[in-house]
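The structure under discussion appears below in the form of structure tokens.
No value in this document is a laboratory result; all are computed from the given coordinates. The structure presented is a predicted model; accordingly, all values stated were derived computationally and were not measured. So basically every Cβ, Gly included, is an ideal-geometry build from the backbone, and we count neighbours across all protein chains shown.
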Amino acid sequence: MTRCLVLLSPSANHVYVGQSPQLSAAELALTCPAIGPIEPTSLAGVEYLALETADLDDATLAGISGASATMACFALEGDLLRPVELPRVDLLDDDLVTIPKYQGKTNEQFTRLLLNVTVAALRGGPAARRDAGERLAVLDPMCGRGTTLATCWLAGHNAYGVDDDVRALEAMAAHLSTWLRRKRLKHSAGSSKFRRDGRTLGKRFDAEVRLPGLAPLTLAALPGDTRDSAELWGRKTFDAIVTDAPYGIVHGAHTESGPHRSPASLLAEAIPVWAGQLRRGGALGLSWNTHGLAREDLLAMMAEAGLVPQDGPEWSHFSHRVDSSIQRDLAVALRPVDAG
Ligand SMILES: C[S@@+](CC[C@H](N)C(=O)[O-])C[C@H]1O[C@@H](n2cnc3c(N)ncnc32)[C@H](O)[C@@H]1O
């Protein structure tokens, strides 16, 4: 047995107001099943996550390295800490995600956590593709300025988005195009008219980056209402759908009757649409403000849409305070492998 201490990035505590050890422990428990008990611990006044593993093999090291808040890892040898070199798992520099700053942005670390636990839950064909290191197709159907999409690229997934805020899509396109140019990566990126049924619905944005020796990474974002996502994407299906729902405060849910304080009605209409866009064995990972919608009501919506919510004790540690008006939680539900 190797006992390790994982040092968490100090910035994670800004996001979770002191709850980052608990959240990171819950994340690692789901994403690295080979790791034994994971507990927050303090050594010489510094907080770590203590964990045990039979073998620090490549998969375990990659899991620790790719966790949302990992800064460094040490093996505990007697009283001494031996630094453990973690492999670089991200395909791109993280400033792709950290440079944009704007109101309504979903925190980068939390976005990575939500993506990680959603991808870890995949079954069937999507899980086989994940385990073979193939590119997954991940949709954020309320993508805003693209934090999830950029996080997907870092993690090696193809990214697809929808948002009805045309300005948000334009800002994402501008940032991504500039970033790709500045990094001197081989790429294509551009906006073009998006037409459906003979009507122009706005501009879509498409980008591709070609890294040496690797399959290209693609990204596409469409303008439109998330409840029309299936029509917008046509027959395309996704391995995972990952989204941070409107909190009903700063970024209201957009419905015909104007911004709603609670995103509940929007989610009730959108979840069945998203469920139909998932491949068998695919997973929907959603974060939302529990002040507007109780966890059991959200899980009931997911079940009603034919998905299987993941609801064991290991899923019960993610609720955390963002500010006085937002208590955020996450939920993941699977499209059964034998779904009709
Ligand atoms: C919490 S924000 C997501 C922010 C995003 N993760 C980011 O970091 O930029 C929720 C997003 O939902 C979008 N939204 C709300 N109602 C929508 C609807 N009916 N159709 C499409 N997008 C919607 C908003 O425009 C907003 O970008």
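Between VAL89 and GLU304, the modelled label-to-label distance comes to 3.6 nm, taking each label 7 Å out from Cα in the direction of the beta carbon.
Scanning the chain for trypsin sites (Lys or Arg not before Pro) lying in DSSP loops with no more than 11 further Cβ atoms inside 10 Å, the longest uninterrupted stretch between such sites is 236-340. Summarised in one figure, the compactness ratio Rg/Rh of the chain, Cα atoms and Kirkwood Rh, is 0.96.
Taken as Cα centroids, the range 1-44 and the range 61-101 sit 12 Å apart, rounded to the nearest whole angstrom. When the Cα centres of the range 106-167 and the range 183-215 are compared, how far apart do they sit, in Å? About 17 Å separates the Cα centre of the range 106-167 from the one of the range 183-215.
Within the chain, the longest segment free of exposed loop sites, counting GluC sites (Glu not before Pro) that fall outside DSSP classes H, G, I, E and B and have at most 12 other Cβ atoms within 10 Å, spans 86-255.
Give the total of Lys-Lys pairs in the chain with Cα-Cα distances below 22 Å; include a pair only if its members are 8 or more places apart or on different chains. Walk me through the intermediate numbers first.
Values: LYS101/LYS183; LYS105/LYS203; LYS193/LYS203; LYS193/LYS236; LYS203/LYS236.
Lysine pairs meeting both conditions in the chain amount to 5.
Sorted largest first, the spans of the alpha carbon positions of the range 127-269 along the three principal axes are 50, 33, 32 Å.
In this simple spin-label approximation, THR41 and ASP297 carry label points 7 Å from Cα along the Cα→Cβ vector, and these lie 4.2 nm apart. For ASP165 and ARG235, the difference between the fully extended length at 0.36 nm per residue and the C-alpha to C-alpha distance is 22.9 nm. Across the chain, the relative contact order, built from alpha-carbon pairs under 8 Å that are at least six residues apart, equals 15 percent. Per residue, the average separation of C-alpha pairs within less than 8 Å and at least 6 apart gives the range 69-130 a relative contact order of 18 percent. Extending 7 Å from the Cα toward the beta-carbon at both ASP58 and ARG123 defines two label points whose distance is 2.9 nm.
Note the per residue figure in Å³ for the convex hull of the C-alpha positions in the range 122-197. It is 125 Å³ per residue. Other residues with beta-carbon under 15 Å from the beta-carbon of GLU170 carry, at +1 per Lys or Arg and -1 per Asp or Glu, a net charge of +1.
For the range 145-290, what's the relative contact order in percent, using C-alpha pairs closer than 8 Å and at least 6 residues apart?
20
For the chain, the longest principal axis of the Cα atoms and the long axis of helix 264-277 meet at an angle of about 90 degrees. Could you give me D for the range 2-84, from Stokes-Einstein at 25 °C and 0.890 mPa s, where the hydrodynamic radius is the Kirkwood radius over C-alpha pairs? Units µm² s⁻¹, please. The Stokes-Einstein estimate is 194 µm²/s.
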